[in-house]
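The values are calculated or read from the model by the stated rules, or taken from the named source; none is laboratory data. Because the structure is predicted, anything quoted here is derived from the model rather than measured. Here the Cβ positions follow ideal geometry from the backbone for every residue, glycine too, while neighbour counts run over all protein chains shown. SASA here: full protein model, heavy atoms, side chains in, ligands and nucleic acids out. Shrake-Rupley method; radii C 1.70, N 1.55, O 1.52, S 1.80 Å.
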Amino acid sequence: MTKEASTHHPIHDLIAKRWSPYAFADREVSQADLCGVLEAARWAPSSYNEQPWAYIVATKDSPEEFEKVLSCLVEGNQAWAKAAPVLMLGCVNTQFQRNGNPNAAAEHDLGLASANLSLEATHRGLFVHQMIGILPSKAKTVFQLPDTVIAKTGLALGYVADPEVLPNDIKERDLAPRQRKPLSEFVFTGKWGETSAAVK
């Protein structure tokens with residue numbers, strides 16, 4: 001199943017073809033592909049090159065570790081994410097290692113790393129579904145995270161499956177067309193809400 005974006009302006013195929021399915025196939029992700037998508041995350045930009053992200057990764061090859069990550073997702077996400085062959089938690093170190101000061105860019109930089117990861121996955125025929133619906137306090141306990149480290153997102157990685165395998169309410173989300181706001185609603189000049197002439 002493909003859901004290529006209907007764009008108003010030409011963009012790279014990897015961006016147009018990237019989307020977040022709920023239905024994942026019972027198909028293993030190779031170690032080479034898993035390492036490749038994580039290598040892409042490694043090369044994301046970050047404030048002061050701090051690289052404040054970390055990923056807790058579990059595959060179905062290690063059922064105990066997989067269940068630990070799965071248990072850190074909210075119940076609604078567990079229902080579909082359990083089918084994915086790879087689950088991850090995206091974490092951030094909230095302090096700069098260089099000086100111990102708070103890192104206000106940490107979450108932003110995790111987002112950049114996960115965007116790199118998602119595009120590399122798309123390049124390899126894989127799909128990523130990111131989730132904010134996780135249990136950070138449980139993740140901190142289960143994985144013994146340091147005081148300055150917070151689990152912020154969940155990620156399911158794998159191959160897309162037929163959405164018919166999903167419950168009806170979730171299936172509708174997979175079948176719905178991809179939609180985005182037009183540029184005029186978020187590209188401003190002069191003051192908030194005033195559309196930039198560059199995108200008119």
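If a residue must be over 19 Å from residue 35 (Cβ atoms) and crowded, with 19+ Cβ neighbours inside 10 Å, how many such residues does segment 111-129 contain? The qualifying residues number 1. Residues in segment 129-162 that are part of a strand (DSSP E or B) and more than 15 Å from residue 73 (Cα to Cα): 149, 158, 160. In segment 1-57, the residue that is modelled with the lowest pLDDT out of those that are touching a Lys or Arg at 6+ places or on another chain (Cβ under 8 Å) and of a type in the set (S, T, N, Q) is 2.
Pairing residues of segment 105-125 that are touching a residue at least 40 places away in the same chain (Cβ under 8 Å) and of a type in the set (S, T, N, Q) with residues that are in a loop (DSSP other than H, G, I, E, B) and buried (at least 17 other Cβ atoms within 10 Å of the Cβ), at Cβ distances under 6 Å and at least 6 apart in sequence or on separate chains, gives 116/44; 118/18; 122/18.
Do we find a residue being open to solvent by 80 Å² or more (accessible area, probe 1.4 Å) and either touching a residue at least 12 places away in the same chain (Cβ under 8 Å) or in contact with a Ser or Thr (Cβ under 9 Å, 6 or more places away or on another chain) (or both) anywhere in segment 151-162? Talk me through it step by step, then tell me what you get.
Quick first cut of segment 151-162, residues open to solvent by 80 Å² or more (accessible area, probe 1.4 Å) only: 162.
Right, trim to either touching a residue at least 12 places away in the same chain (Cβ under 8 Å) or in contact with a Ser or Thr (Cβ under 9 Å, 6 or more places away or on another chain) (or both) and you get 162.
Looking for residues that are open to solvent by 80 Å² or more (accessible area, probe 1.4 Å) and either touching a residue at least 12 places away in the same chain (Cβ under 8 Å) or in contact with a Ser or Thr (Cβ under 9 Å, 6 or more places away or on another chain) (or both), one finds at least one in segment 151-162, hence yes.
Hey, does segment 181-197 have a residue that's modelled with pLDDT under 95, closer than 29 Å to residue 3 by Cα and of a type in the set (S, T, N, Q)? No.
Inside segment 124-163, residues that are of a type in the set (D, E, K, R) and in contact with a helix residue (DSSP H, G or I) (Cβ under 7 Å, 6 or more places away or on another chain) make up a count of 2.
Take residue 134 and tell me if it is of a type in the set (A, V, I, L, M), modelled with pLDDT under 95 and open to solvent by less than 50 Å² (accessible area, probe 1.4 Å). So residue 134 does not fit the description; no.
Of the residues in segment 163-183, how many are in a loop (DSSP other than H, G, I, E, B) and in contact with a Pro (Cβ under 9 Å, 6 or more places away or on another chain)?
Residues of segment 163-183 in a loop (DSSP other than H, G, I, E, B): 166-167, 176-182.
Now restrict to residues that are in contact with a Pro (Cβ under 9 Å, 6 or more places away or on another chain): none.
Qualifying residue count for the region: 0.
Of all residue pairs spaced 6 or more apart or on separate chains, those with beta-carbon atoms under 9 Å, a first member in segment 184-196 that is free of Cβ contacts under 8 Å to residues at least 24 places away in the same chain and in a strand (DSSP E or B) and a second member that is acidic (Asp, Glu) and open to solvent by 80 Å² or more (accessible area, probe 1.4 Å) are 188/194; 195/185. In the set (1) over 30 Å from residue 177 (Cβ atoms); (2) hydroxyl-bearing (Ser, Thr, Tyr); (3) touching a His at 6+ places or on another chain (Cβ under 9 Å), the condition left unmet by residue 55 is number (3).
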